[in-house]
Amino acid sequence: MGLNATGRNVLCTGSIISSTKGPSGGYEVIADPANINMTKFFEVMEGPFGIVDCYSDSGCDKLNNCTIRTPINRLNNSIRSVLDKMTLAEVTY
């Protein structure tokens with residue numbers, strides 16, 4: 001399954017792939033997949049991520065009284081830690 005044009009443009013902007021125009025053009029991976037952790041890859045594709053919006057500064061007016069913020073942040077940090085240690089090469093080769 002290939003990426004749509006928007007996905008390819010995002011990866012170009014994120015310096016993961018480059019494009020060449022013309023009859024013999026196309027896309028090529030310019031970054032070493034072994035040097036791209038999955039956190040970076042997902043954030044290039046989707047922006048900052050978290051289980052809930054309050055993880056990435058949503059401006060929620062209930063944030064000061066939120067009873068689940070701490071456990072959700074711990075869960076988000078655990079997920080990010082796993083993804084930080086996993087590279088694009090590990091999931092593509």
Report summary line: For the stretch 13-22, in residue order, the Karplus 3J(HN,Hα) values (coefficients 6.51, -1.76, 1.60; θ = phi - 60°; whole Hz; Gly and Pro = x) are 4, x, 6, 9, 10, 10, 10, 10, 7, x
Query raised in the report: Applying the Karplus parametrisation 6.51 cos²θ - 1.76 cosθ + 1.60 with θ = phi - 60° to the phi angles of the stretch 70-85, what ³J(HN,Hα) value in whole Hz is obtained for each residue in order, glycine and proline being reported as x?
Result: 4, x, 5, 4, 4, 5, 4, 5, 5, 4, 4, 4, 5, 5, 4, 8
**Report entry** Amide proton proximity set for Ile17, modelled H, under 5 Å, gap of 5+
**Finding:** Cys12, Ile30
Query raised in the report: Over the chain, what relative contact order in percent results from Cα pairs under 8 Å that are six or more residues apart?
Result: 30
Query - Fraction of accessible area attributable to carbon and sulfur, the chain (%, probe 1.4 Å) - result: 53
Report summary line: Taking placed amide H atoms and a strict 5 Å upper bound, the residues 5 or more places from Ile36 or on another chain that come that close are Leu88, Ala89
Query - All lysines inside 26 Å of Lys85 as judged from Cα atoms, apart from same-chain residues fewer than 8 positions distant - result: Lys40
Report summary line: Heads up, the stretch 17-93 by the C-alpha gyration tensor (a ≥ b ≥ c square roots of eigenvalues; a/c under 1.5 rounded, else a/b over b/c prolate, else oblate) looks oblate
Report summary line: Candidates Leu83, Leu11, Leu75; GNM for the chain (alpha-carbon contacts under 10 Å) flags as most fluctuating Leu75
Query raised in the report: Measuring from centroid to centroid over Cα atoms, what is the spacing of the stretch 69-93 and the stretch 22-51 in Å?
Result: 16
Query - In sequence order, calculated HN-Hα J values of the stretch 33-40 (Karplus, 6.51, -1.76, 1.60; Hz; x Gly/Pro) - result: x, 6, 9, 10, 7, 5, 4, 4
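The values are calculated or read from the model by the stated rules, or taken from the named source; none is laboratory data. Since the structure is predicted, the reported quantities are computational estimates derived from the model, not experimental observations. Please note that ligands, DNA and RNA were not included when accessible areas were found on the heavy atoms of the full protein model with its side chains. Shrake-Rupley method; radii C 1.70, N 1.55, O 1.52, S 1.80 Å.
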